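Below is one structure; the comments refer to it alone.
The values are calculated or read from the model by the stated rules, or taken from the named source; none is laboratory data. Every value quoted in this text rests on a predicted model; they were computed, and no experiment measured them. Don't worry about glycine lacking a Cβ; one is built from the backbone with ideal geometry, like all the others, and counts go over all protein chains shown. Ligands, DNA and RNA are stripped out before the accessible areas are found, and what is left, the full protein with its side chains, is counted by its heavy atoms. Shrake-Rupley method; radii C 1.70, N 1.55, O 1.52, S 1.80 Å.
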Amino acid sequence: MSDVLSYLKNRILLLDGGMGTLLQARGMRPGEYPERWNLTHPDVVKDIHRAYFDAGSNVVCSNTFGANPLKFSEEELEGILRAAYDNARTAAEQSSRPGPKFIALDIGPSGRMLKPYGDLAFEDAVRAFGTVVRLARDIPFDLILIETMNDSLETKAALLAAKENSALPVFVSNAYGVDGKLMTGASPAAMVALLSGMGADAIGVNCSLGPKALEPVVREYLRLSPLPVLLKPNAGLPRAEGDRTVYDVLPGEFAADTARLVQMGVRIAGGCCGTTPDYIRALAEAIGDRAPTEREVEPKAVVSSYTNALCLDDRPVLIGERINPTGKKRLKAALIEGDMAFVLSEAARQQEKGAMALDVNAGLPELNEKEVLPRLVQEIQTVTDLPLCIDTAAPEAMAAALRVYNGKAIVNSVNGKEESLRAILPLVKKYGGVVIALTLDETGIPDTAEGRLGIARRILKAAEGYGIGCQDILFDPLAMTIGASPDAARVTLETVERITRELGCRTSLGVSNVSFGLPERDYVNAAFFTMALSRGLSAAIMNPDSPRMLGAYRAYLALNGQDPQCGEYVAFAARNPLAAPASNAEGPGAKETAEQAGLARAVEKGMRAQAAAEAKRMLSEEPPMQLIQREIIPALDRVGQGYEQGKVFLPQLLMSAEAASAAFEVIKAAAVAAREETPVRARVVLATVRGDIHDIGKNIVRLLMENYGFQVTDLGKDVPPEQVLDAVLRLKAPVCGLSALMTTTVPAMEETVRLIHEQAPFCRVIVGGAVLTQEYADQIGADFYAADAMEGVRYAESLE
Amino acid sequence: MSVCICTKEYAPPPLNVKEALRYAGGRGDTPTPELQEAWELLAPALRYSVCWARLPVQRKEDVLDLTFAQTPSRDLQRALLGCEELLLTAATVGLGPDRLAARYGRLAPAKALLIGAIGTERVESLLDVFAREQNGRLQQEGLRLTPRFSPGYGDLPLQLQAAIIPYLDTPKRIGVVLNESLLMSPAKSVTAIIGIRRTGDILKEKSGCDGCRRKDCEFRR
C-alpha cells in the first residue's frame, strides 16, 4: 500500500489551501497562467507551499491545476510538472514542522467542455489528461488529486486517464453548485456511484461554496460513499471591496465548520479559493490529533445515469426492453438506416411509461456493434436521464460502450463460462457497473435450482477475484417458457429465492421469456412477475408498454408496504383504468375533438397525439399513400404557405411538422409491418459543418424535409467535409444541405461545397444558417441559399 | 495596480415574454401554452451568474488599449467614445438550456426552439439587471454605463474572446469555457464590453434599434 494510503488508514489527512489568490497577491495578473509561475517565480511558489506545510498540511497540491496539453506544448508541460514538484519538494524539506509530507499531482478541469455540450471529444479529454499523468510518471509524486470537476463525464475521463497511466492513489473531488449538483446535472449520489465503481481511492467535494453551504452535499457523500471522503471548501463567497476580492468566511469560522464535518466522518480536509495558510493553521488546531470517525456504509447495488443514482435495494427496478432489434421490424429498420430519431423516441417513450432503466441492444448481423453501440449509448444519454443497461454478447462492443457511458451502467451480461468471465469481469472492474450474471455455463442451463445456484457461487468467487463485490452482481436465473417444460417457472422462482436467501445476492429476470409460445402472453408474464417479486426479485427486463406488467408492479409495491397510502398505485390506476365506459373514452374534450376530426386538421393545428390517432384510424380505411397525399401534404402546404406569407410563425410551423411526423411514424410502422415500401422522394444529406455545434436550425430543416417525404440522412453537427462527401457518394444523394451559424465556420462550409462539387457533381448543395446571406452563398459556390427551412424544401422539390 | 474580478449570482429576472417569442420567430406578448410549457421545463434548470472587472481604457494612436487586450476596432472606439474605464463582463444562465435543447432537439424541435429562445432572453435580461445595478452604483461617482458591445459586433473580431475568457477566468468562476470555434459553452452565455462614461457628457448616442446599421430588419422598432 502506498505511504499516503497507509497514513490515511488511521489518521486525518490535512490538505493545503488556495494558490491562485495568493499568487495574485504576489503580483500575478489576470489572464496569466499560474502554472508558468513554477518556472518564472519558483521562490514565490515555494514560499506558499512551505507556509502550508508549516501551518500543518500533510499534503500540498502541486501548482499544476491547469497544466494540460490543451494549454501548453508537451515540452513546456513537462518542464512545468517537474518544476512544480521540485518547488513542493523543496518546501517540504525547508518546512520547520516535523512529520510525513506528501505531494499531490494536482489536475483541474481541461478548460474545455466535452461533447455534446461543447466540442471536446471524450477520447480527446482522456488523451489530454493521460498526457499529463504520463509526463509525470517519472516524477516521484505521492498521489494524484483530480479536483474542481463540474462535469461528470470529464471527471470520468480524468480518472480513467489516471488509472490507465499510473499506479498512484487517485483522489477525485467535484465542484457542486448552490443547487447541490454538478453543472452538468449530476447529484452527489450519482458521482459516488460512478467514482467508487471506477476504483478511485478517495472522493469528495471542493470549491464553489463555504463549508457550511457544502454541508448537505458532504452529508450525502458520508452517507453513501464506501471510500474516504475529502472536503476542500472555499472561504465562503467572494465579493468586491474596493479593488480587492474578499471572502466572507474568516479562518475561525471556516475551521470550526470544517472540523465539525471532519467529526462527522470526513477524512481528508483542506481549503480552496480564498483560503490561506491562516485558514489551514486554524483548521489544524481545530482538528488537533483527533482520531478519525469511523463510518459504516452498507454496500448497496447502485447504478447511475449522468444525473441520478438508482439503488436496486430501495425497490425493484423496471428495465425497459424495447431498444433491442430482436423481433422488432421497425427498430431493426431504424438501426440499419441510422434513423436515430426513432430510437430516441423509443427511449423517451419508455421513460414516460415508467421504465426506471433502459436496456440498449444493437445486436444485428448488419451492424458493426463496436461502433454502433457506443454511439447509441451517447445519443440515448442526451434524451434520457435514466441509467442504461448495456446489452451485448460482444466483449469489444461492451468495452467501447462502457467507456463512453456517462455513469455506472448495468452490464448485460456475463455467464458462468470461463471465456465470458475472463472477458467481462475486467471491464466491470475497470469501468464500474452492476453486472447481470446468467446462471449458465459450458454445460448449458442446469435443470435444477441447485445446479443454477452452483454456477452462481462460481461466478461470485470469480468476481471476488477481481475485487468485484456481491452488491455489483445481479444474478439472472433464466426464465424459460412453461410452454416447453411445466417445471420451468418453478425452478426459476426457487433459484430467485435461494440466491436471495442463501447467497445474499440480488436477482434479475427477462420476464417475458416465461410465456414464449403461449397466447395472450401478458396474463402469464404479469402473474410470473408478481410471483418472482414476492420471492425477492430486484430487477426485471420487461415491456413498459404492457399495462398488465406495470399494474402487477404497482400493485406489488402497494401490497408489500412499499407505497404508503397507495399513492403511486392510485395515480397509476387513474391513468390506466381497467375498463373505461366507451362514451367517456375521450374525456371532457371529446365533443370538441370530434368536431375537429380529420388528419389534415390535426396536422394544421399541430396536435401531435391527435394526428397519430387519426392516422391510425384512417389507415384502416385508406391506403397509406393516399393518406399522405390527400391529408398530410395539403395540410403541410397550407401551413407552409401561411408561414411564407408571414401569417404563421415558426413555432406553429414546427408544431404542425411534429404532428405530421407523428402521423408518418404510424404510417411507416404499418408499411413496415405489411412489408410495403413507403412512398419516398429523393435522398437528402444534412449536416452542420465542421467546427459548428449548433443544430436547432438543421433539425428544423430535417423535420420539414422528412415531412415532405424526402429520405433524410442527418449526419449531425461538427461534421468534417470528407464525412459529408462520403455520405453523399454512398447514398448517391442529389441534394445536400449544410448549416453554419458562425462566420468562423463558413470556411469549413466552403471546403465542403468544393469537395462535393469536385467529387459528386450530381449533388446540389443548399446552404443556410444565421450568418449566411445570398452574397456569402454565392461567394462559397453553393447551388442555393435557403433563408429558411421552407425555402430549402421548395428548392429540393424543384429539382425533382 | 491589482485588478479585482468579481463574481455574483443573481435571482431570476422576470421573463420578458415578448422578447422570448421574438427570438423564436414569433410575435406578440402573451405567453402561448407552448412557451409556458418550455418555460416551466427550463426555469428550474437555470442559474444566473455574472463575473466582471472594472478596467481602464486608453487610446494609443489608432489602437484601443482595453487593459486585457488591444484592438483597432473602429466600431468599439465609437462605442467607447469619452470612456476612461470599462466593465469587462461575462454572464451565463448555465448549462440547463444546452441540456434541454439536446434532449428535445431530436424529439420535439418546436420545444427546443422555444427553450433556445427563452435561454437567449434570459441571459440578455440578466445583463440588463446587472447593468441597472452597476448604473445605480456608478451614479454616486457621477458615472453611467454605455450600451454593451460584444465580440462579433461590427468590426470587433470574435477572436477577442480568446483574451476575455482567460482574463476573467470564467471557466473556474462561472463555468463558461471557449470552444475551438470561439463560441462559448454553455451556449447561453454572453461576454460584453460596457463603457463607463461621465454622466454630464452629452453625446449623440444611438442605442437599441437606432444604433443598428441594418435598416431592413423585420423586428425594427
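Treating only the Cα positions of chain A as identical point scatterers, give the base-10 log of I(q)/I(0) from the Debye formula at each q in 0.06, 0.09 Å⁻¹.
Rounded to two decimals, the profile gives -0.47, -1.01.
Mind listing the long-range amide H neighbours of residue B:86? Cut-off is under 5 Å, sequence gap 5 or more, other chains count too, H placed in the peptide plane at 1.01 Å from N.
Counting only residues 5 or more places away or on other chains, the set is B:55, B:57, B:196.
For peptide B:163-173, what's the mean number of Cβ atoms from other chains within 10 Å of each residue's Cβ?
Per residue, the number of nearby Cβ atoms from other chains is 4 on average.
What does the accessible area per residue of chain A come to in Å², with a 1.4 Å probe and no ligands, DNA or RNA counted?
Averaged over the residues of chain A, the accessible area is 40 Å².
How big is the Cα convex hull of region B:11-211 in projection, averaged over all directions, in nm²?
Over all viewing directions, region B:11-211 projects a mean Cα-hull area of 12.0 nm².
Given R₀ = 51 Å, FRET efficiency for residue A:54-residue B:198 by Cβ-Cβ distance, to 0.05?
Efficiency at R0 = 51 Å is approximately 0.55.
Could you work out how far apart the two model spin labels at residue A:762 and residue B:27 are, taking each label as a point 7 Å from the Cα in the direction of the beta carbon, and quote it in nm?
4.5 nm
Calculate the mean, over all residues of peptide A:695-708, of how many other protein chain Cβ atoms lie within 10 angstrom of the residue's Cβ.
3
So for the protein assembly as shown, taking the charge dipole from beta-carbon charges (+1 Lys/Arg, -1 Asp/Glu), which of B:175, A:484, A:407 sits furthest toward the positive end?
Positive-most Cα among the choices belongs to B:175.
Can you tell me the FRET efficiency between residue A:791 and residue A:96 if r is taken as the Cβ-Cβ distance and R0 is 56 Å, rounded to the nearest 0.05?
Rounded to the nearest 0.05, the efficiency is 0.15.
Percent relative contact order of chain A, based on C-alpha pairs within less than 8 angstrom and at least six residues apart?
For chain A, the relative contact order is 7 percent.
Pairs A:408/B:8; A:181/A:429; A:616/A:717; B:60/B:188; A:212/A:430: which exceed 30 Å Cα-Cα?
From A:408/B:8; A:181/A:429; A:616/A:717; B:60/B:188; A:212/A:430, over 30 Å: A:408/B:8; A:616/A:717; B:60/B:188; A:212/A:430.
Relative contact order for region B:11-211: what is it in percent, counting Cα pairs under 8 Å that are at least 6 residues apart?
Averaging sequence separation for qualifying contacts and normalising by length gives 28 percent for region B:11-211.
Helix-only mean residue ellipticity at 222 nm, the protein assembly as shown, DSSP H runs n ≥ 4 weighted -39,500 (n - 2.57), per residue, nearest 500. What is it?
-13500 deg cm²/dmol
Enumerate the helices in chain A for which the Kyte-Doolittle hydropathy averages -1.0 or more and the C-alpha atoms extend at least 27 Å along the helix's axis, using complete DSSP H runs.
Qualifying helices: A:74-94, A:650-673.
In percent, how large is the relative contact order of region B:82-178, given Cα pairs closer than 8 Å and 6 or more residues apart?
Across region B:82-178, relative contact order equals 23 percent.
Could you order peptides A:321-333, A:136-148 by the average number of other Cβ atoms within 10 Å of their residues, highest first?
A:136-148, A:321-333
Going through the cross-link list A:115/B:172; A:115/A:417; A:732/B:111, which pairs have a Cα-Cα distance over 29 Å in this structure?
Too far apart for the 29 Å limit: A:115/A:417; A:732/B:111.
Could you report the buried accessible area between A and B, both sides summed, computed with a 1.4 Å probe and given in Å² to the nearest 100?
Buried area (both sides, nearest 100 Å²): 4000 Å².
Could you give me the ³J(HN,Hα) list for region B:23-37, computed from phi with Karplus coefficients 6.51, -1.76, 1.60 and θ = phi - 60°, whole Hz, x at Gly and Pro?
For region B:23-37, the Karplus-derived couplings read 4, 8, x, x, 10, x, 10, 9, x, 6, x, 5, 5, 4, 5 Hz, x marking Gly and Pro.
When the Karplus curve 6.51 cos²θ - 1.76 cosθ + 1.60 is applied with θ = phi - 60°, which whole-Hz ³J(HN,Hα) does each residue of region B:171-179 get, with x for Gly and Pro?
Each residue of region B:171-179 in turn: x, 7, 6, 10, x, 9, 10, 9, 7 Hz.
Hey, got the average number of other protein chain Cβ atoms within 10 angstrom for residues in B:180-191?
5
Can you give the % of DSSP beta bridges in the protein assembly as shown that are antiparallel, to the nearest 5?
In the protein assembly as shown, approximately 40 percent of DSSP beta bridges are antiparallel ones.
Which cross-chain or sequence-distant (5 or more) residues have an amide H under 5 Å from the amide H of residue A:276, H modelled 1.01 Å from N in plane?
The answer is A:18.
How far apart, in nanometres, would the label points at residue A:326 and residue A:300 be if each is projected 7 angstrom from Cα along the Cα-to-Cβ direction?
Calculated label separation equals 3.2 nm.
Taking amide H positions as placed in the peptide plane 1.01 Å from N, state which residues far from residue A:435 in sequence (5 or more) or on other chains have amide H under 5 Å from it.
Residues meeting the criterion, in which the H sits 1.01 Å from N, are A:411, A:473, A:474.
May I ask you to give the percent of accessible area on region A:292-358 that is carbon plus sulfur, with a probe radius of 1.4 Å?
46 percent
Could you go through region A:537-544 in sequence order and give the Karplus-derived ³J(HN,Hα) for each residue, using 6.51 cos²θ - 1.76 cosθ + 1.60 with θ = phi - 60°, rounded to whole Hz, and x for Gly and Pro?
Rounded to whole hertz, the list is 4, 9, 7, 9, 8, 8, 9, x.
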